[in-house]
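J.: Before I ask anything, here is the structure I am working with.
Laboratory data are not the source of any read-out in this text; all were calculated from the coordinates shown. These numbers were taken from a predicted model, which means no experiment stands behind them. Every residue, glycine among them, receives a Cβ derived from its backbone with ideal geometry; neighbour counts consider all protein chains shown.
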Amino acid sequence: MRDAVLAILLLGPAYGFQVHGALAERTGGRRRINVGQTYGTLDRLAKQQLVEPAGATDDGLPLHRLTRAGRAAALAWLGGADATGADPWDETVDRVLVARSIDGHGVDADAIVAVERERWARRRADAAERAEPTDAAERAEPEDPAAALARLAAAAEIERAGAALSWLAHVAAHPSAPVPVAADRPRRGRRPVARDEDQPSASA
């Protein structure tokens, strides 16, 4: 989720509720979280110096924007750098959906899909090597149970890679449809400290 939020901010400064809605919309509904988690993620990104304040909207909603490091992290993720410990399939789907939703804003969605197809083709080839005995002697002998399980796991990876490649081919066959930036306002939400002109004067 962190990287998807960073990628969404490539579109420009946004307030928390805007990021919250965009996360669900731009991942096709896959990433639906409560708004508090979105604000928490933005707070953590600010502490990591990946996001910084960017003023406020006319109606007082605090805006967030990428720092230089945040922009680099967003582009690295879109380029194929999976989050530590993340599932490759989830990363691919989120990355492709978000990329297509922001296509043209310094992002080439078609190139990102092409890179993902190459990565899954390599995963399938690597798994195919693990799924087969390495020599004739191994084929002739009764298979060690642990080795048999490893081959089944590799076979599962082959099937998953095949499914990923099939989905990516489907994606590539359809043009990107960038999603416009929404301007929904929260009924209740975070607002910054009142601006100077809103503060009572010392003589009041």
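J.: Note down the magnitude of the dipole of the stretch 2-172 about its Cα centre, charges +1 on Lys and Arg C-beta and -1 on Asp and Glu C-beta and zero elsewhere, to the nearest 20 debye.
T.: 640 debye
J.: Right, something else. Rank by packing, highest mean first: peptides 172-179, 1-8, 70-77, 47-54, with packing defined as the count of other Cβ atoms within 10 Å averaged across residues.
T.: Highest to lowest by the protection proxy: 1-8, 70-77, 47-54, 172-179.
J.: 7 Å from Cα along Cα→Cβ at both L75 and A182: what's the point-to-point distance in nm?
T.: My value for the distance between the label points is 2.9 nm.
J.: Something else: Extension gain A125-D43, at 0.36 nm per residue separation less the Cα-Cα distance, in nm?
T.: 25.4 nm
J.: Next up: Mind ordering 93-101, 55-63, 10-18 by average Cβ neighbours within 10 Å, highest first?
T.: Packing order, densest peptide first, comes out as 93-101, 10-18, 55-63.
J.: What is the chain's relative contact order, in percent, from Cα pairs under 8 angstrom and six or more apart in sequence?
T.: This gives 25 percent for the chain.
J.: Also: Convert each backbone phi in the stretch 91-102 into a coupling constant with the Karplus relation 6.51 cos²θ - 1.76 cosθ + 1.60 (shift: θ = phi - 60°), then list the ³J(HN,Hα) values in order as whole Hz, x for Gly and Pro.
T.: Working through the residues one at a time gives 4, 4, 4, 4, 4, 5, 5, 5, 4, 5, 6, 10 Hz.
J.: For the stretch 2-172, build the charge dipole from Cβ charges (+1 Lys, Arg; -1 Asp, Glu) around the Cα centre, then report which of A24, A169, T84 sits farthest towards its positive end.
T.: In the stretch 2-172, that residue is A24.
J.: Rg to Rh ratio, the chain, alpha-carbon atoms and Kirkwood radius?
T.: 1.16
J.: Kirkwood hydrodynamic radius of the stretch 10-122 from all distinct Cα pairs, in Å?
T.: The Cα-based Kirkwood calculation yields 14.9 Å.
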